[in-house]
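Below is one structure, written out as structure tokens; the observations come after it.
The values are calculated or read from the model by the stated rules, or taken from the named source; none is laboratory data. Here the structure is a predicted model, which means the values were calculated and not measured. Positions of Cβ are backbone-derived with ideal geometry, glycine not excepted, and every protein chain shown enters the neighbour counts. Calculation scope for accessible area: heavy atoms of the full protein, side chains included, ligands and nucleic acids excluded. Shrake-Rupley method; radii C 1.70, N 1.55, O 1.52, S 1.80 Å.
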Amino acid sequence: MIKSVLIFNQLGKPRLIKFYEPLDAATQQGLLREIHALVAKRSDNLCNFLEGCQSIGGSDSRIIYRHYATLYFVFVVDSSESELGILDLIQVFVEALDRVFRNVCELDLIFHFDEVHYVLSEVVSAGLVVETNLKDISKAVSDKKELAKPAQDHSRLGLGVLRRGFA
């Protein structure tokens, strides 16, 4: 099971935090600092897997991460998950973000955090992998955008009709 998904930059600033287990805010911040300290000091030619420490669930937990440009994509999982499978899942998640934002960057994650969370919810739900097909993920995101679009257009049309009606 996936315990958490974290995205943070090289300075440790969180860009996405999603925990699938209930933890208080202080514990979440401590985990983020600890994971950043463990991951950021490693060189890029080292393995992308780390065994868990006490604060993230003991020896049953693993940290699996990928470093892309200025961002770290980190999944904390239990021992039932395949490390290589999670690395592939991180790749799928990043590619899905890249399709949604057309060449994703850190600013996209900051200013469009709701879309980032939506893409993550299409890939992972309640700590379980839901979808890995990029076409299906992209279609779901574009369908959501289309559903949101008419609601905005109708509200504008309604205001225009009201304004003309009262003029």
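Volume per residue of the convex hull around the Cα atoms, evaluated for the range 54-135, comes out as 107 Å³. Computed from label points 7 Å out along Cα-Cβ, the spacing between Leu38 and Glu95 is 2.8 nm.
Measure up Lys3/Lys139; Lys41/Lys135; Lys13/Lys149; Lys41/Lys144; Lys18/Lys149 against 30 Å on the Cα-Cα distance and list the ones that go over. Could you put the intermediate results ahead of the total?
Details: Lys3/Lys139 26 Å; Lys41/Lys135 35 Å; Lys13/Lys149 32 Å; Lys41/Lys144 39 Å; Lys18/Lys149 27 Å.
Check vs 30 Å cut-off fails for Lys41/Lys135; Lys13/Lys149; Lys41/Lys144.
Just subtract the alpha-carbon distance of Lys135 and Ile17 from 0.36 nm times their residue separation and send over the number in nm, one decimal.
40.0 nm
If you wrap the chain in the convex hull of its Cα atoms and look at it from every side, the mean projected area works out to 12.1 nm². Spin-label model, Glu83 to Phe49: label points 7 Å out along the Cα-to-beta-carbon direction sit 0.3 nm apart.
The helix-based estimate of mean residue ellipticity at 222 nm for the chain, built from -39,500 (n - 2.57) per DSSP H run of four or more residues and divided by its residue count, is -17000 deg cm²/dmol to the nearest 500.
Probing with 1.4 Å while keeping every protein chain in the model, the per residue accessible area of the chain equals 58 Å².
Can you give me the % of accessible surface on the chain that is carbon or sulfur? Probe 1.4 Å, all protein chains present, nothing else counted.
On the way: 5440 of 9690 Å².
Taking all protein chains in place, the chain shows 56 percent carbon and sulfur surface.
Residue ranking by accessible heavy-atom surface, 1.4 Å probe, largest first, among Val130, Val119, Val94 comes out as Val130, Val94, Val119.
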